[in-house]
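The values are calculated or read from the model by the stated rules, or taken from the named source; none is laboratory data. None of the values given here were measured: they were computed from a predicted structure. FYI the Cβ positions are ideal-geometry reconstructions off the backbone, even for glycines, and counts take in every protein chain you see. When the accessible area is computed, the model is the full protein with side chains, heavy atoms only, and any ligands, DNA or RNA have been set aside. Shrake-Rupley method; radii C 1.70, N 1.55, O 1.52, S 1.80 Å.
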Amino acid sequence: DLRRPQLSETFGLAQLPGMTAVLRSELLWHEAVRRVGDNVDLLPCGELTWNSSELLASQRMRKLVSEWEASYDYILFDAPPVLAVTDPVIIGALCHGVLLVVRANVTSARAIKRGQTLLEMAQVPIVGIVLNGFKVTGGYNSNYYTDFSYYREDKKKSDGKRQTEPNGFKRGHSA
């Protein structure tokens, strides 16, 4: 996301150098990539810019995607909301498919349909939808899905209290 980047902060990394410098050919992409986990690399946003759409639509970006496809098994792009700016459509056109991310109880069905239409008009395949912020609430038999002790024997100490695992969770429950 070249407009409101958050992944650098999420992973505790400096935002510079990053994608904008690579797109401007100021440095090679492998000089800006940071390892954030086992077999997981991150290319931070870099300097914020007023012309992110132009940079993303450039020949340089297409060349970079080809290089990344040769170097990685999977490439994921974080992009702004599809209804806000053109960046997601531009990026999506370079990809094999996109995941449409929606927020439960916030994103309207009309907004989801409009985003789907924008992507389809650009011939960007939607391979799935991610529903963020969904909360499982009480209701008929709600513990069936949230209480994992259903699958295991619930063990109690001789004093009648549940045993606690070293991770702080009660035995028979999961985070």
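A compact table of results
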| quantity | calculated |
| --- | --- |
| Single residue of Ser8, Ser25, Ser53 found to be within 22 Å of Val101 (Cβ to Cβ) and touching a helix residue (DSSP H, G or I) at 6+ places or on another chain (Cβ under 8 Å) | Ser53 |
| Conditions (1) within 22 Å of Arg4 (Cα to Cα); (2) not in a helix (DSSP H, G or I): number failed by Met61 | (2) |
| Count of residues meeting criterion [surrounded by 14 or more Cβ atoms within 10 Å (Cβ to Cβ) and within 17 Å of the chain's Cα centre (by Cα)] in segment 37-54 | 5 |
| Yes/no for Val85 being open to solvent by less than 50 Å² (accessible area, probe 1.4 Å) and part of a strand (DSSP E or B) | no |
| Any chance Leu27 is open to solvent by 50 Å² or more (accessible area, probe 1.4 Å) and in a loop (DSSP other than H, G, I, E, B) | no |
| Members of segment 30-58 that are aliphatic (A, V, I, L, M), without any contact (Cβ under 8 Å) to a residue 24 or more places away in the chain and not in a helix (DSSP H, G or I) | Val33, Val40 |
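Residue-by-condition table, conditions (1) under 16 Å from Ile129 (Cβ atoms); (2) open to solvent by less than 60 Å² (accessible area, probe 1.4 Å); (3) under 18 Å from the mean Cα position of the chain (by Cα); (4) not hydrophobic (A, V, I, L, M, F, W, C):
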| position | (1), (2), (3), (4) |
| --- | --- |
| Thr20 | no, yes, no, yes |
| Glu31 | no, no, no, yes |
| Arg60 | no, yes, no, yes |
| Glu69 | no, no, no, yes |
| Ala79 | yes, yes, yes, no |
| Val102 | yes, yes, yes, no |
| Ser108 | yes, yes, no, yes |
